[in-house]
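The values are calculated or read from the model by the stated rules, or taken from the named source; none is laboratory data. Predicted model only: the values in this text are computed from it and were never measured. Heads up, the Cβs are rebuilt from the backbone with ideal geometry, glycines too, and the neighbour counts pull from every protein chain shown. Calculation scope for accessible area: heavy atoms of the full protein, side chains included, ligands and nucleic acids excluded. Shrake-Rupley method; radii C 1.70, N 1.55, O 1.52, S 1.80 Å.
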Amino acid sequence: MDHRIDYIDRFEYNKVVEVWEASVRATHHFLKDEDIAYFKPLILNTYLDAVELRCFRDEHFKILGFIGVSDGNLQMLFIHPEHRGNSIGKTLLEYAINSLKVNKVDVNEQNEQAVGFYKHCGFETIGRSELDATGKSYPILHMELIK
């Protein structure tokens with residue numbers, strides 16, 4: 001399955017943001033529409049350039065999910081909701097661990113599915129922040145891969 005993991009070109013950023021928004025709307029029920037509107041241009045114009053990006057493509061080269069990594073931290077892992085449950089997230093996470101040397105992730109505490117996913121994949125909570133990186137009151141769990 002790793003053959004479907006690929007680089008992302010800048011001209012594809014709008015498609016990546018579409019995957020991000022669809023994923024967030026399906027999984028981040030605690031976010032308000034104005035939060036999504038706040039983060040969307042930050043993702044497009046700042047955050048995607050700040051990480052090493054990889055995606056999972058289907059046989060037609062459509063992006064179904066993506067990861068963003070920086071300094072051993074998994075900063076982003078988003079799967080289009082139509083393709084959740086097909087091991088794409090697990091495949092991307094394994095790639096991030098094995099090829100990009102990821103051993104940490106920060107995850108919204110309120111995103112219980114994601115917290116459970118990372119625990120299932122060997123991550124443990126090592127800390128908690130009351131606010132997210134932008135100062136919003138969405139608690140963040142700091143998780144580390146325990147081998």
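For region 29-40, state whether one or more residues are within 23 Å of PHE123 (Cβ to Cβ) and more than 16 Å from the chain's Cα centre (by Cα). Yes, the conditions are met somewhere in region 29-40. For region 22-48, filtered to residues that are in contact with a strand residue (DSSP E or B) (Cβ under 9 Å, 6 or more places away or on another chain) and under 15 Å from MET76 (Cα atoms), the residue that is most open to solvent (accessible area, probe 1.4 Å) is TYR47. When residues in region 101-138 are screened for being modelled with pLDDT of 95 or more, exposed (fewer than 15 other Cβ atoms within 10 Å of the Cβ) and assigned to a loop (DSSP other than H, G, I, E, B), 3 of them pass.
Taking region 80-90 as the range and being touching a strand residue (DSSP E or B) at 6+ places or on another chain (Cβ under 6 Å) and either part of a loop (DSSP other than H, G, I, E, B) or crowded, with 21+ Cβ neighbours inside 10 Å (or both) as the test, the residues that pass are HIS80, ILE88, GLY89. Here the condition is being assigned to a helix (DSSP H, G or I), touching a helix residue (DSSP H, G or I) at 6+ places or on another chain (Cβ under 9 Å), of a type outside the set (Phe, Trp, Tyr) and in contact (Cβ under 8 Å) with a residue 24 or more places away in the chain; of LEU48, LEU141, it holds for LEU48 alone. Test ILE88 against the criterion of being within 19 Å of ILE146 (Cβ to Cβ), at pLDDT 95 or above and of a type outside the set (Ser, Thr, Tyr), and give yes or no. Taking the combined requirement at face value, the residue does not satisfy it.
From the list LEU77, LEU93, LEU53, the one residue that fits, being open to solvent by 20 Å² or more (accessible area, probe 1.4 Å), within 24 Å of HIS142 (Cβ to Cβ) and either part of a strand (DSSP E or B) or without any contact (Cβ under 8 Å) to a residue 40 or more places away in the chain (or both), is LEU77. Once region 1-17 is narrowed to residues that are loosely packed, with under 13 Cβ neighbours inside 10 Å and part of a helix (DSSP H, G or I), the residue that is modelled with the lowest pLDDT is ASP2.
Within the set GLY89, GLY127, the sole residue that is under 29 Å from ARG57 (Cα atoms) and not basic (Lys, Arg) turns out to be GLY89.
Within region 26-37, the residues that satisfy the criterion of being in a helix (DSSP H, G or I) and free of Cβ contacts under 8 Å to residues at least 40 places away in the same chain are ASP33, GLU34, ILE36, ALA37.
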